[in-house]
1. Between residue 174 and residue 159, what length comes free when the chain is fully extended (0.36 nm per residue of separation minus the Cα-Cα distance, one decimal in nm)?
2. Could you tell me how many degrees, from 0 to 90 and to the nearest 10, lie between the Cα long axis of helix 164-189 and the main elongation axis, the longest principal axis, of the Cα atoms of the chain?
3. List the residues whose amide H sits under 5 Å from the amide H of residue 274, counting only those 5 or more places along or on another chain, with H placed 1.01 Å from N in the peptide plane.
4. If I fit a long axis through the Cα atoms of helix 108-144 and take the longest principal axis of the Cα atoms of the chain, what angle between them do I get, 0 to 90°, rounded to 10?
5. Near residue 321, within a Cβ-to-Cβ distance under 10 Å, what is the net charge of the other residues, with Lys and Arg +1 and Asp and Glu -1?
6. In sequence order, what are the phi-derived ³J(HN,Hα) couplings for the stretch 62-70 according to the Karplus relation 6.51 cos²θ - 1.76 cosθ + 1.60 with θ = phi - 60°, rounded to whole Hz, with x for glycine and proline?
7. Can you give the angle from 0 to 90° between the axis of helix 83-95 and the longest principal axis of the chain, with both taken from C-alpha atoms, to the nearest 10?
8. How many times 2.2 N^0.38 Å is the alpha carbon radius of gyration of the stretch 336-410?
Amino acid sequence: MKLWGGRFKKGTNDLVNDFNSSIRVDSRMYKEDVEGSLAHVRMLGKQKIIPSKASKKIEDGLNEMLKRMDNGVIGIDPSSEDIHSFVEGTLTYYIGDEGKMLHTGRSRNDQVTLDLRLYLKKEIKLIISDLIELEKVLSKKAKENIDTIMPGYTHMQKAQPITLSHHLLAYAEMFKRDIGRLQDTYKRTDMMPLGSGALATSTYPIDREFVAKELGFSQITLNSLDSVSDRDYVIETLSSLSLIMMHLSRFAEEIILWCTDEFKFIQLDDEYSTGSSIMPQKKNPDVAELVRGKTGRVYGDLITLLTVMKGIPLAYNKDMQEDKEALFDALDTVTLSLKTFCGMIDTMKVNKDNMRKGASGGFTNATDVADYLAKHNVPFRTAHSIVGEMVLYCIKENKAIEDLSLEEFKSFSPIFEEDIYKAIDLLTCVEERKVIGGPSSESIKIQINALDKFIEETN
């Protein structure tokens, strides 16, 4: 059933029908379309815009339709132009001409953005829930690895010793920000556009506040032109999803490195690994690699909609039909990525000895040697230069700093005493960094408590 056609003498070309149709994409919003229609028709009856008897008949018909669609008794007709025409056409088929009253006082322009906002509100909450599950796993792993010393890196070069807990909690902070962005996006999604009509509202005495309350919106939109043409909330969501994927991708890159034979920091569970068709020994980190690859896909979804929207004048234009495919793809991709990634992290085994061994190489305690001198009143820049010479000497002699004799230490500065060895022990290097945000166990416990509080408050 088409919702238009009176002024046309010819039927639509078959190719145009197919090109114009969005039913294959927007059919997933059938619940939201029916829910929005139910609230709308209750308002029409309340306001006496249509007879109360007709309103009740439409409401009963919609409820029965929804039940049958949920049960698979009614299948969505792929030849329909969109989900809106399918719902109205099917309703009219079942209840008769009263079904033709449903669209009174609204347009598909405000209807489609209503459906999308209703759908997206649910999806944002689900993504937040998935992020919280990942945060729980990170909290658990952090608690298990407070004393797991590992090398910290800058420029992918060993820098200073930290702990695995410290490293994992860095990602926990990223995902906290992701949750905050989604919560903020939700606020702007939670605005009810129905009643805006095609672009200029309606001559009927509609009650938008009633519809908003029926559908659980916190407020209504205030400008009808903006209401039907606004897709900021979709772009914001796609932007937030892109950032989530960027954080997952960074994490994935490290997982891929850590499980190599060169690092051997972790071992992925068999359930979250794959093999090779030719090399029997292989155990591949495909989950992490796919997350890294799918990040580009979600970025593409964001760029798609930004590009679609950049030249569209007010108000609604058909270009905007392209918003849903990009959004749904990103939502599906992020949801699957989060759930799979969470399981991978939860089941991975940590090779603590290898991590500590990794931290003992690469002169990761060099800064602590400089700090030792600075604490004995040597200007830090001078201390930095002295330690640089020591590192050069160690490289030449194939030694670690902690392997130097006290005599060798004193050849660089007479200030060095026996206590230098304790000062540059890896555990000391970590535990002395008690500043909030650092890797010491004292600081880590503060970070874990903050994360657990965040999880509890967000749940």
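1. Details: separation 15, 0.36 × 15 = 5.40 nm, distance 2.16 nm.
Computed gain between residue 174 and residue 159 is 3.2 nm.
2. With both axes taken from Cα atoms, the answer is about 20 degrees.
3. Here 284, 286 satisfy the definition.
4. Rounded to the nearest ten degrees, it is 20.
5. -4
6. So the J values, rounded to whole Hz, are 5, 4, 5, 4, 4, 4, 5, 5, 4.
7. Roughly 40 degrees, rounded to the nearest 10.
8. Working: Rg = 18.8 Å, N = 75, 2.2 N^0.38 = 11.3 Å.
Cα Rg divided by the expected 2.2 N^0.38 Å: 1.66.
Quick note: the coordinates plus some simple rules give every number you see, no bench work behind them. As the structure is a prediction and not an experimental result, all values here were calculated from the model. Don't worry about glycine lacking a Cβ; one is built from the backbone with ideal geometry, like all the others, and counts go over all protein chains shown.
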